[in-house]
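The structure appears right after this line, and notes come after that.
Every number in this text was worked out from the coordinates using simple rules, so none of it is lab data. Computed from a predicted structure; not experimentally measured. Here Cβ is always computed from backbone atoms with ideal geometry, including for glycine, and neighbour counts include all displayed protein chains.
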Amino acid sequence: MTTTDEYVIDVRDLTKSFNGKRAVNHVSLQVRRGEIFGFLGPNGSGKTTTIRMLCGLMTPDSGEGECLGYDILRETRMIKPLVGYVPQIFSLYQDMTVRENLEFVSRMYGEKDYASRTKKMMADLELDKFENVLAGRLSGGWKQRLSLGAALIHDPKLLLLDEPTAGVDPKARREFWNYISNLTSQGITSLVSTHYMDEAERCNRLAYIVYGDLMAQGTIPEIINHAGLITWAATGRHLTRLAEALQNQPGIEQVIAWGNELRICGTDLDLIQQAVNRFPDYKWEEVPTNLEAVFIHLVAERTGG
């Protein structure tokens, strides 16, 4: 299988600076056909800039690669019609109805039977009950669905979603992700940036970018194993006191209140064990390291914190 057959996105060493400040620093990504790829990182880490470079909305300062088999530097006109992009901020016309927005976008893409296409998209996303409602009057969750409908109206091969569920209630988020998962069965590949760990866990593979640097890429088990974090959990009385006592212990990177437990993380097994042994009045057990702890570890690694 050739690279372009296996990968919808295959980019190498993408770099972008603004006013002399490096926003994306030699980032390489490979997104396989038909997968949901999660793109994570703190605010201001370069996720949106990277996504815009992938779909031809922004030109990298350096680097190379292909998106949907086309060169991201020289063939952006070929890429754009094949991509559906949902931006972080709702960008459709607030003073147009749901139907008018979808028909407008459909016509922009040259769809001749735009009315029929719009009707089907509204039905698929259950937007038909809001057909004549102004977009500006929709709730956050329904605005999100309308944005998704506009991104899908021209049958794209690749969806780029930039924090599409920010500010949306849990029920709407779950319904959104169920729909995205169903799209993979139709052969649509999705790259989704998110801050939510539960959403990250629904992705086939992930990449984590911290202030321009790509810190990790792979499946969740691969990323967790590569970090090398060891996690122990304590139960007992006065966990707040224990947390205070553990803050400055050698080898303890994180002290986390977790329900009725207190968890500690670090990469040095001996130092973790020594810390555990110093507090024998608590019940200790080693537990699996979760994704959130790994990401906090990667931020600290990048920033020296």
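Between beta-carbons, use under 11 Å as the cut-off and find the net charge around Gln94, counting Lys and Arg +1, Asp and Glu -1.
+1
Val168: net charge of surrounding residues, Cβ under 12 Å, Lys/Arg +1, Asp/Glu -1, itself excluded?
+1
Tally Lys and Arg at +1 and Asp and Glu at -1 over the other residues with C-beta under 11 Å from the C-beta of Leu206: what net charge comes out?
Around Leu206, the surrounding residues sum to -2.
Summing -39500 (n - 2.57) over the DSSP H runs of n ≥ 4 in the chain and dividing by its residue number, what mean residue ellipticity at 222 nm do you reach, to the nearest 500 deg cm²/dmol?
Rounded to the nearest 500, it is -10000 deg cm²/dmol.
What label, among (i) 38, 57, 5; (ii) 30, 56, 14, 0; (iii) 30, 49, 19, 2, belongs to P(r) over Cα pairs in 20 Å bins from 0, in percent computed from the structure on display?
Evaluating P(r) over Cα pairs in 20 Å bins from 0, in percent on these atoms matches (iii).
Just want the ordering: Thr48, Thr97, Thr240, Thr118, from fewest to most Cβ atoms lying within 10 Å of their own Cβ.
Exposure proxy ranking, most exposed first: Thr240, Thr97, Thr48, Thr118.
Only bridges whose two residues both fall in the range 3-223 count here: according to DSSP, what percent of them are antiparallel, nearest 5?
55
Sort the following peptides by mean Cβ neighbour count (other Cβ atoms within 10 Å, averaged over residues), highest first: 190-201, 122-133.
Result, highest mean first: 190-201, 122-133.
For Glu286, Glu66, what's the fewest-to-most ordering of other Cβ within 10 Å of each Cβ?
Sorted ascending by nearby Cβ count, the order is Glu286, Glu66.
Using Cα atoms only, what is the angle between the long axis of helix 140-152 and the major principal axis of the chain, expressed in degrees (0 to 90) to the nearest 10?
Its long axis makes an angle of about 60 degrees.
Nothing charged except the Cβ atoms of Lys and Arg (+1) and of Asp and Glu (-1): what's the magnitude of the dipole of the range 1-116 about its Cα centre? Round to the nearest 20 debye.
Dipole about the Cα centre, nearest 20: 360 debye.
If one computes the Cα centroid of the range 168-200 and of the range 41-107, what distance in Å separates the two points?
18
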